[in-house]
2 protein chains.
Amino acid sequence: MSRREGGRRSGRGAQRQAGGLQQLPWQQVRNPYKPVEVLSEDQVEAIHQAALRILEELGIEFMSDRALDRLAAGGAEVERASGLVRFDRGLVEQSLATVPERFTMTPRNDAKALEIGGDAAIFGLVNGPPFVTDLDRGRRDGNFADYLNLLRLGQSLNIVQYVTHQAVAPMDLPADTRFLDCYEAILTLTDKAFYGTAVGAERVVDALEMVAIARGERREDLLDRPSIFSVINVNSPRRIDGPLSEGLIALAEHGQPAVVTPFCLMGAMTPVTLAAALAQQHAEALAGIVLTQLARPGAPVVYGGFTSNVDLRSGAPAFGTPEYAKASMAAGQLARRFRLPYRSSNANASTSVDAQAAYESMMSLWGALMGGANMLHHGAGWLEGGLVASFEKVVLDAELLQNMTEFMKPIAVDQDSLAFEAMQDVGPGGHFFGTAHTLERYETAFYAPILSDWRNFESWQEAGSKTATERANAVWKRLLAEYEPPPLDQGRREALAAYVARRKEEYGRLAA
Amino acid sequence: MSRREGGRRSGRGAQRQAGGLQQLPWQQVRNPYKPVEVLSEDQVEAIHQAALRILEELGIEFMSDRALDRLAAGGAEVERASGLVRFDRGLVEQSLATVPERFTMTPRNDAKALEIGGDAAIFGLVNGPPFVTDLDRGRRDGNFADYLNLLRLGQSLNIVQYVTHQAVAPMDLPADTRFLDCYEAILTLTDKAFYGTAVGAERVVDALEMVAIARGERREDLLDRPSIFSVINVNSPRRIDGPLSEGLIALAEHGQPAVVTPFCLMGAMTPVTLAAALAQQHAEALAGIVLTQLARPGAPVVYGGFTSNVDLRSGAPAFGTPEYAKASMAAGQLARRFRLPYRSSNANASTSVDAQAAYESMMSLWGALMGGANMLHHGAGWLEGGLVASFEKVVLDAELLQNMTEFMKPIAVDQDSLAFEAMQDVGPGGHFFGTAHTLERYETAFYAPILSDWRNFESWQEAGSKTATERANAVWKRLLAEYEPPPLDQGRREALAAYVARRKEEYGRLAA
């Protein structure tokens, strides 16, 4: 067979890997590359100036008296009747000056601490979908059993570095206390960084209390030691609702990172043009960031970007589009201009785990990581514009995240890797399979995928002609079958259960 | 329904687009972004120096006396017995000095001229597979009927900018003259830039003769006006075979671009390390480039990169891997260092048009375009490591290429796009659907996909729960149904047929 390009060789047998699923080791991912700049410096400045004008002239609505009090005390111009708050540029600049450029998340297991900021990047489990799906059982309401399994996958996959309180919404549990069950599950089934909810200050305090119990510490010990984090979504245009305003303040007061993320669908929540969407996103994010610094100067905070477009045909949101990728890179430029840690997402709008889900996620991932994102939310499992958590998508995304991680591994160029001597030993038209240089490095030379199948057509057909999605189905089942919970002291486990029971009772009395 | 992120809104009805397939217009794609640099300047230099050492000390084998004559006359050190040619760095530098930085391909239709080099990027149809596949008929031997349909798709899709003499190999035609049938098909079914074969000088001359006939010109008129191009693959390690050596010389002598592309599978055709593979690729490409400049100083030539890795488990080639993406960007750096136009590919190793095909292609595309590629070979339709041309993959790839093209559309930032006045009109929590600013721009504000389906789950389910691949099947059938050949003067058409008939007879006498 010809060895010109396109000639796939038959390979040396279809030797398969034995033992547990071979995946990348746990690691702090770092991005060695200079981000892609989709905006010129002048354009970044123009967008920043437009955002300052929005903050000064139009203002942002905060639906919380506590937030309005803080903002007024900090020097913002507060219009009590409407809840509108206007910020002069001095206040914005003063607040930006105290934001830490980077910080470290302390999870249950210190060995899985995560740096956020600089060249570090972290990847999280999906959060928020009301539905869940897999190839066997189809699309169904979110429920606690599926939630637990998604957590187990999040724990098992090394490339998923933080886990979420609502990988899927457990709709079968009481709405007002289900977060407690989820918090307990995170802290017993996983030992990774804790992503909680900030809908109201109480849930923030509960999260901190429970992380402290799981770590054998007191809540006070976690002050200014980031141990929980949560997204504060802006209800774009220009509104932060009451519970999230108070959650944001509670996070900041405890020195815990808020991830301030306007949700800017161009043509719906913002004007239809990307420049305007970026200016509005920037203004909204800055407003939230100012409030964190007024609540506690120096509180960690993350600049969140989530700007995409709607479908021109139906008005439905679209994700992982070209506009989304550009917005993701542009937001990174805006965040870096003020040395703010930057959050993006692994989004897509596909209804099934197919080629569309893969290419839209890839647009999102390249947009995020070549945009210098430090935190990738919804990293694994998000499908259907975030309405659905998919088990197969968790595995597909883990493969994509591993691919991107390996892509970000710097290239070694030295005498050893340039291998002139190895080339001397192989004549024109020869091959390097058996050379000492190859044999010494063969096992670890290349990335070994968890999902890609590179067998020839005949072997693939003999194995059942399975698509990547069907293979992903087998992978998550295998991961669940092999799952083992990380060790947790029995006393702490019981203390967590007792805390949850007590708090459920208190919430019950409150609701009654 | 909540408008926090992840809340997909039901949209404004499932209004579908009417009329012909809406696709991006024909265009010269330009990449406004600075390429990603995966190598430091020092590393680029170290790899270049390693390549010069390979050229000086180890040499490249040319299996053609004509090539050896040219190289010896040009000052290379030729070892007649082995065919090994050693190049000193002076010869390399002298040759690089005469390579044009950019040039323009003249196709049958002047309106579809293509710039190659600088910030321009062009995308081509797949070339070379012996097999063809689609969802209806499955995988089968390449044949002329399928070849013609692939050409029709290449003509119909604006984002496919050049067409290829072997989108699939027509195995049902006589091997020695099938290229003539393919040339004739290209020149009658399409009017786009002509990619031919350079296996021997005669096929190059035939291509030029036929393009001249189709344009109503003489072959001499096309001298130094690039009208045909072809890849010259190096049989790595360090060998260029006889017919391709002579094809390369013929291309150069006529001032037509050769695309010199070593096929470097790490661990097989090169050492297992990326640095060595890049050094070897660079040496091999430079050797071919030197020969073009000795054949005709100033001849257009393209630096081709095609470095990937083998599967550690089976030895099978892998494409669209993290290593592949890095190699693609690194090769771009090496090419740009010498102001050479750079060619990369849209490769993948998937056996079906599934999520793997999509994410591997995306790794390849991002690697190529963020690596500054000027020419993307195998842009649409390549599957299974190049063994198969897939009809559904043509459509999937057209979607990916359109996505990347839109991603490369610069962001406008001005008073109009910053839309401060539009924001004034919409209060906190409101929406921009009905504003004048939105309505004026709505139709053209965002990229409209040809394959992505953004309908909600219920609408998608009602439409048959089709995956992207199944939808791609419907798209190519529609394109074929709507296909119309570009106008061609009847006299030229007949002259082409007569030329082919005469040449077949001559080849027949030659074979007899």
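Is it true that B:Asn158 is surrounded by fewer than 21 Cβ atoms within 10 Å (Cβ to Cβ) and closer than 30 Å to B:Glu406 by Cα? Before the answer, list the steps.
Numbers: surrounded by fewer than 21 Cβ atoms within 10 Å (Cβ to Cβ): yes; closer than 30 Å to B:Glu406 by Cα: yes.
Criteria met by B:Asn158.
Which one of these is facing chain A (nearest Cβ under 8 Å), crowded, with 24+ Cβ neighbours inside 10 Å and assigned to a helix (DSSP H, G or I): B:Ala335, B:Ala325?
Exactly one residue qualifies, and that residue is B:Ala325.
From the set of residues in region A:161-190 that are more than 17 Å from A:Gly124 (Cβ to Cβ) and aliphatic (A, V, I, L, M), which is surrounded by the fewest Cβ atoms within 10 Å (Cβ to Cβ)?
A:Ala175
In region B:383-396, how many residues are outside any strand (DSSP E or B), of a type outside the set (Val, Ile, Thr) and more than 10 Å from chain A (Cβ to nearest Cβ)?
In the first step, residues of region B:383-396 are kept if they are outside any strand (DSSP E or B); the result is B:384-387, B:391-396.
The next check asks that each one be of a type outside the set (Val, Ile, Thr); those that pass are B:384-387, B:391-393, B:396.
Of the ones still in play, those that are also more than 10 Å from chain A (Cβ to nearest Cβ) are B:391.
Count: 1.
Mind listing just one residue for me: the one in region B:446-465 that is more than 29 Å from A:Leu274 (Cα to Cα) and at the interface with chain A (Cβ under 9 Å from one of its Cβ atoms) and, of those, surrounded by the fewest Cβ atoms within 10 Å (Cβ to Cβ)?
Filtering region B:446-465 for residues more than 29 Å from A:Leu274 (Cα to Cα) gives B:458, B:461-465.
Within this subset, residues satisfying the condition of being at the interface with chain A (Cβ under 9 Å from one of its Cβ atoms) are B:461, B:465.
Numbers: B:Gln461: 13, B:Ser465: 11.
My answer is B:Ser465.
Inspect region B:126-141 for any residue being among the charged types (D, E, K, R), closer than 29 Å to B:Ile450 by Cα and buried (at least 24 other Cβ atoms within 10 Å of the Cβ) and give the result as yes or no.
Taking region B:126-141 first, the residues among the charged types (D, E, K, R) are B:134, B:136-137, B:139-141.
Still in the list and also closer than 29 Å to B:Ile450 by Cα: B:134, B:136-137, B:139-141.
From the residues that got through so far, the ones that are buried (at least 24 other Cβ atoms within 10 Å of the Cβ) too are none.
Within region B:126-141 (the criterion being among the charged types (D, E, K, R), closer than 29 Å to B:Ile450 by Cα and buried (at least 24 other Cβ atoms within 10 Å of the Cβ)), the answer is no, since none of the residues qualifies.
Quick one: would you say B:Glu494 is surrounded by fewer than 18 Cβ atoms within 10 Å (Cβ to Cβ), more than 7 Å from every other protein chain (Cβ to nearest Cβ), out of contact with any helix residue (DSSP H, G or I) (no Cβ under 7 Å at 6 or more places or on another chain) and not in a helix (DSSP H, G or I)? Can you show your working first?
Values: surrounded by fewer than 18 Cβ atoms within 10 Å (Cβ to Cβ): yes; more than 7 Å from every other protein chain (Cβ to nearest Cβ): yes; out of contact with any helix residue (DSSP H, G or I) (no Cβ under 7 Å at 6 or more places or on another chain): yes; not in a helix (DSSP H, G or I): no.
Against the criterion (surrounded by fewer than 18 Cβ atoms within 10 Å (Cβ to Cβ), more than 7 Å from every other protein chain (Cβ to nearest Cβ), out of contact with any helix residue (DSSP H, G or I) (no Cβ under 7 Å at 6 or more places or on another chain) and not in a helix (DSSP H, G or I)), B:Glu494 does not qualify.
Take region A:304-325 and flag every residue that is of a type in the set (Phe, Trp, Tyr) and touching a Pro at 6+ places or on another chain (Cβ under 7 Å). Spell out how you get there, then give the answer.
Of all residues in region A:304-325, those of a type in the set (Phe, Trp, Tyr) come to A:306, A:319, A:324.
Listed by number, the list holds a single entry, A:Phe306.
Scan region A:342-366 residue by residue and report those that are facing another protein chain (nearest Cβ under 8 Å) and in contact with a strand residue (DSSP E or B) (Cβ under 9 Å, 6 or more places away or on another chain). Walk me through how you get there before you give the answer.
Narrowing region A:342-366 to residues facing another protein chain (nearest Cβ under 8 Å): A:345, A:349-363, A:366.
A:Ser345, A:Ala349, A:Ser350, A:Thr351, A:Ser352, A:Val353, A:Ala357, A:Glu360, A:Ser361, listed by residue number.
Among the candidates B:Glu360, B:Glu406, which residue alone is surrounded by fewer than 24 Cβ atoms within 10 Å (Cβ to Cβ) and outside any loop (DSSP other than H, G, I, E, B)?
Testing whether each residue is surrounded by fewer than 24 Cβ atoms within 10 Å (Cβ to Cβ) and outside any loop (DSSP other than H, G, I, E, B) leaves just B:Glu406.
Considering each of A:Ala422, A:Ala468, A:Ala436, A:Ala472 in turn, give the residue that is touching a residue at least 12 places away in the same chain (Cβ under 8 Å), buried (at least 18 other Cβ atoms within 10 Å of the Cβ) and more than 7 Å from chain B (Cβ to nearest Cβ).
Numbers: A:Ala422 fails: more than 7 Å from chain B (Cβ to nearest Cβ); A:Ala468 fails: more than 7 Å from chain B (Cβ to nearest Cβ); A:Ala436 fails: buried (at least 18 other Cβ atoms within 10 Å of the Cβ).
Testing whether each residue is touching a residue at least 12 places away in the same chain (Cβ under 8 Å), buried (at least 18 other Cβ atoms within 10 Å of the Cβ) and more than 7 Å from chain B (Cβ to nearest Cβ) leaves just A:Ala472.
Six or more apart or on different chains, Cβ under 8 Å: which pairs go from a residue in region A:131-153 that's more than 21 Å from A:Tyr483 (Cα to Cα) to one that's basic (Lys, Arg)? Could you list them?
A:Phe131/A:Arg139; A:Phe131/A:Arg140
Which is at pLDDT 95 or above and within 21 Å of the chain's Cα centre (by Cα), of A:Ala207, A:Ala214?
Numbers: A:Ala214 fails: within 21 Å of the chain's Cα centre (by Cα).
From the options A:Ala207, A:Ala214, the qualifying one is A:Ala207.
Looking at (1) surrounded by fewer than 15 Cβ atoms within 10 Å (Cβ to Cβ); (2) part of a helix (DSSP H, G or I); (3) at the interface with chain A (Cβ under 7 Å from one of its Cβ atoms); (4) hydrophobic (A, V, I, L, M, F, W, C), which is the one condition that is false for B:Ala412?
(2)
Name every residue in region B:55-113 that is surrounded by fewer than 20 Cβ atoms within 10 Å (Cβ to Cβ), more than 14 Å from every other protein chain (Cβ to nearest Cβ) and hydroxyl-bearing (Ser, Thr, Tyr), in order of residue number.
The answer is B:Thr98, B:Thr104.
The values are calculated or read from the model by the stated rules, or taken from the named source; none is laboratory data. Only a predicted model underlies this, so the values are computations on that prediction, with no experimental measurement involved. Reconstructed Cβ throughout: ideal geometry from the backbone, glycine too, with neighbour counts over all protein chains shown.
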